[in-house]
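The values are calculated or read from the model by the stated rules, or taken from the named source; none is laboratory data. Because the structure is a prediction, the values reported are computed rather than measured. Here the Cβ is made from the backbone with ideal geometry for all residues, glycine too, and neighbour counts use every protein chain on show. Calculation scope for accessible area: heavy atoms of the full protein, side chains included, ligands and nucleic acids excluded. Shrake-Rupley method; radii C 1.70, N 1.55, O 1.52, S 1.80 Å.
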Amino acid sequence: MDERTFGRSQQHASVVGLGTWQLGADWGDVDDKEALAVLETAAESGVSFFDTADVYGDGRSEQTIAGFLSGRPDLHVLVATKMGRRLEQIPENYVLDNFRAWNDRSRRNLGIDRIDLVQLHCPPTPVYSADEVFDALDTLVEEERIAAYGVSVETCQEALTAIARPGVASVQIILNPFRMKPLREVLPAAREAGVGIIARVPLASGLLSGKYTEDTVFPENDHRAYNRHGESFDVGETFSGVDYTTGVEAAAEFAALAPEGYTPAQLALRWIIQQPGVTTVIPGARSPEQARANADAARLPELPEATLTAIRDLYDRRIKDQVESRW
């Protein structure tokens, strides 16, 4: 699989990575055996970038990755984790002592001395403007606890604020055919600055797979059941913030745009891969079959201009007004 570079850090990532929130929690139950099978299949399919966080399953996702990689010393996988959501979400908690404590825990979970990439996990907006926060992150690099750092953001403005920081290697942001606003300013700014873009929620929490209907029932421990209105965290993380009824209807239109040989999910991933400035896209997978199909999107032909135009038209007609004012 093709790899792309995070310009500032010179680290490499496969164009399709693997998001491992599903392997920790909040997406229904995934047993350990299935989780390891997902990691194995992704790696065999050329995926060389795993994204996780210290709160996914309270460390379960990090530990699962560590268990897998310990048995595969032949693999060269860039592992990115996140930190910052283990305490109340107030700027005062984003200090060096907490960073060290969170980093110690993640390094234990991952079984390594230095983490490839650590990202602030969608912190309060003022954090992105605090010099002392980035001084503390620089200290973690100097102490060789981490090789590089980045941020995960909710809004385009947060992304632009972070890109202006000289030490930021990557920005993780929601980007998919139902969330196009980052294309206007964020991706061009990142390209200019040499900042990598990690595209998350690429399938709009599964909407863009075309599998769901108004009658779909999600498990109680799945955020698609309990966070539809932002009850537990930012509603933009669930179905990209799109009203479910609208999303299901728009997803059916989207699925009809898939060229021969593409699934709707692969259409969404291929669309993201083609956006200038994207370094890697990180779909999750609950089964080996999903992991393989996601990786295969990197090998499909580029989408023709007519398809790209039709996707833009769908977004402008059905989605844009719901999401652009918030994120």
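Odds and ends about this structure:
- Local electrostatic count at Val201 - Lys and Arg +1, Asp and Glu -1, tallied over other residues with Cβ under 10 Å: +1
- Cα-based helix-to-principal-axis angle, 96-110 vs the chain, degrees rounded to 10: 70 degrees
- Gap separating the Cα centres of segment 293-327 and segment 134-175, nearest whole Å: 27 Å
- For segment 205-220, 3J(HN,Hα) per residue [Karplus equation, 6.51 cos²θ - 1.76 cosθ + 1.60, θ = phi - 60°, Hz, x = Gly/Pro]: 6, x, 3, 6, 6, x, 8, 9, 10, 4, 8, 4, 10, 9, x, 4
- Axis of helix 264-273 versus longest Cα principal axis of the chain: the two differ by about 50°, to the nearest ten degrees.
- Here the spin labels are modelled as points 7 Å beyond Cα on the Cα-Cβ line, and at Asp234 and Asp138 they lie 2.6 nm apart.
- Rounded to the nearest 20 debye, dipole of the chain from Cβ charges on Lys, Arg, Asp, Glu: 440 debye
- Calculated [θ] (222 nm, deg cm²/dmol) that DSSP helices of n ≥ 4 give over the chain, each run adding -39,500 (n - 2.57): -10500 deg cm²/dmol
- Once all protein chains are placed together, Val171 keeps about 0 Å² accessible to a 1.4 angstrom probe.
- GluC sites (Glu not before Pro) within segment 234-266, DSSP loop, no more than 14 other Cβ atoms inside 10 Å: Glu260
- The residues of the chain expose, per residue, 40 Å² of accessible area to a 1.4 Å probe.
- Most fluctuating residue given options Gly46, Gly57, Gly71, as computed from a GNM of the chain linking Cα atoms under 10 Å: Gly71
- A simple rule links phi to the HN-Hα coupling: the Karplus curve 6.51 cos²θ - 1.76 cosθ + 1.60 with θ = phi - 60°, which for segment 182-188 gives x, 5, 6, 10, 5, 5, x Hz, with x for Gly and Pro.
- The portion of the accessible surface of the chain made up by carbon and sulfur, rounded to a whole percent, is 47 (1.4 Å probe; DNA, RNA and ligands excluded).
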